[in-house]
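The values are calculated or read from the model by the stated rules, or taken from the named source; none is laboratory data. In this text, all values refer to a predicted model and were calculated from it rather than measured experimentally. Cβ placement follows ideal geometry from the backbone for every residue including glycine, while neighbour counts extend to all protein chains displayed. For the accessible areas, the whole protein counts, side chains as well, though only heavy atoms, and no ligand, DNA or RNA atoms are used. Shrake-Rupley method; radii C 1.70, N 1.55, O 1.52, S 1.80 Å.
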Amino acid sequence: MGDIRVGTSGWNYPSGEGTWNGVFYPAPRPRGFDELAYYAERFDTVEVNSSFYRMPEAAMTSAWARRTPEPFVFAIKLFQKFTHPDMYLARDGVRDWDLSRADFDQFRAGIEPLASAGRLAAVLAQFPPSFHASPDTRAYLDWLLGGLAAYPVAVELRHRSWSDEAKETSAALDAHRAAWVLIDEPKFASSIRQSADTALAGDAPIAYLRLHGRNAAQWWDHAKAEDRYNYLYSADELRPFADMVRHAAPHKRVLVYFNNHFSAKAVANATVLKHDLGQILPADYPAEMVERYPELRGMVREERNLL
């Protein structure tokens with residue numbers, strides 16, 4: 001069927017009502033418990049969120065490679081300075097948005113251990129809804145993709161202006177063999193409109209899907225940021241994505257990441273999709289996880305107490 005990788009956006013959710021501790025990860029934990037190694041026994045890819053908040057460092061990415069088996073691959077989210085200038089300017093001590101080639105060099109150095117080892121699945125450039133299509137933003141996107149030309153790149157665009165000019169957007173991404181990320185999220189008047197044909201076609205060597213959940217009621221109005229991602233896809237909702245993946249897989253590597261991370265719902269949905277695609281589910285799952293998400297029963301084995 002081709003190279004299909006299904007995983008979650010991030011692996012470390014240690015606090016809040018939506019923590020993974022006591023659901024996917026044991027609580028309390030055995031001595032020396034390693035979240036990433038545990039996760040990598042069940043999935044063969046992950047999308048790294050931490051690189052959005054700080055530049056990746058070679059020592060850190062080398063450690064990730066050592067803690068995971070060789071077939072495991074990482075999608076690295078681009079540091080916020082490249083895509084979210086307002087967030088970057090809000091950081092303590094930051095006064096200017098002085099993006100330069102030196103920033104590219106620093107980012108490249110940080111991910112080099114993964115790239116050189118063949119463990120880098122993609123670089124994700126995630127733009128906010130405020131990033132509208134215009135001559136200036138198109139020029140910036142062209143410049144950014146030029147600086148990332150050495151890597152498979154996926155671009156997430158959220159504002160409808162990009163899909164209103166879909167041919168122009170596709171052409172701009174194809175010029176750099178960059179994937180147009182297919183996103184699933186609640187749709188509002190300004191939200192991007194996409195079809196599988198638009199997002200999964202093109203000249204990129206990868207297809208990239210991000211499933212954020214459909215919690216429209218709490219997408220903008222929530223007490224805590226994690227509430228936005230409190231959504232569990234049903235089997236019927238996942239089925240079209242399985243069909244998309246099967247269609248794209250003979251032509252390119254397909255990367256699918258679930259970002260509905262509240263209480264490990266992303267883990268549950270990623271597991272169901274892997275099962276629907278006929279992929280092996282190699283390791284046991286906690287009894288707490290299966291009890292909370294009974295749709296997993298019969299798909300996975302329940303593990304014994306790790307303590």
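For A283, the conditions (1) closer than 23 Å to N230 by Cβ; (2) more than 21 Å from the chain's Cα centre (by Cα) all hold with the exception of (1). Beta carbons closer than 8 Å, at least 6 apart along the sequence or on distinct chains, pair a first residue in the range 178-204 that is more than 13 Å from V256 (Cα to Cα) and modelled with pLDDT under 90 with a second that is open to solvent by less than 40 Å² (accessible area, probe 1.4 Å) and not hydrophobic (A, V, I, L, M, F, W, C) for T198/S163; T198/S170; A201/S170; G202/S170. Listed by position, the helices (runs of 4 or more DSSP H) contained in the range 113-175 that have at least 2 residues being closer than 20 Å to L211 by Cα are 160-164.
With respect to the conditions (1) closer than 30 Å to E41 by Cβ; (2) open to solvent by 80 Å² or more (accessible area, probe 1.4 Å); (3) not polar (S, T, N, Q), K77 falls short on a single one, namely (2). Across the range 102-151, what is the total count of residues that are touching a His at 6+ places or on another chain (Cβ under 6 Å) and open to solvent by 60 Å² or more (accessible area, probe 1.4 Å)? Qualifying residue count, the range 102-151: 1.
Restricted to helices (runs of 4 or more DSSP H) entirely inside the range 3-102, those with at least 3 residues that are farther than 18 Å from H261 by Cβ are 58-66, 80-83, 85-89.
Within the range 37-66, restricting attention to residues that are charged (D, E, K, R) and surrounded by fewer than 20 Cβ atoms within 10 Å (Cβ to Cβ), the residue that is nearest to Y285 (Cα to Cα) is R42.
Only one of the numbered conditions (1) more than 21 Å from the chain's Cα centre (by Cα); (2) closer than 25 Å to F79 by Cβ is violated by H176, and that is (1).
Within the range 176-204, the set of residues being assigned to a strand (DSSP E or B) and closer than 16 Å to M244 by Cβ comprises A179, W180, L182, I183, D184. With respect to the conditions (1) in contact with a Leu (Cβ under 6 Å, 6 or more places away or on another chain); (2) over 16 Å from D44 (Cβ atoms), M289 lacks only one, and its number is (1). Checked against the criteria, E237 counts as of a type in the set (D, E), within 16 Å of E185 (Cβ to Cβ), modelled with pLDDT of 95 or more and more than 18 Å from the chain's Cα centre (by Cα). Within the range 68-90, residues that are among the aromatic types (F, W, Y) reach partners that are at pLDDT below 95 and surrounded by fewer than 22 Cβ atoms within 10 Å (Cβ to Cβ) with beta carbons closer than 8 Å, at six or more positions or on different chains, in the pairs F82/L99; Y88/V94; Y88/W97. Scanning the range 154-183 for residues that are surrounded by fewer than 21 Cβ atoms within 10 Å (Cβ to Cβ) and closer than 19 Å to E237 by Cα returns a single hit, I183.
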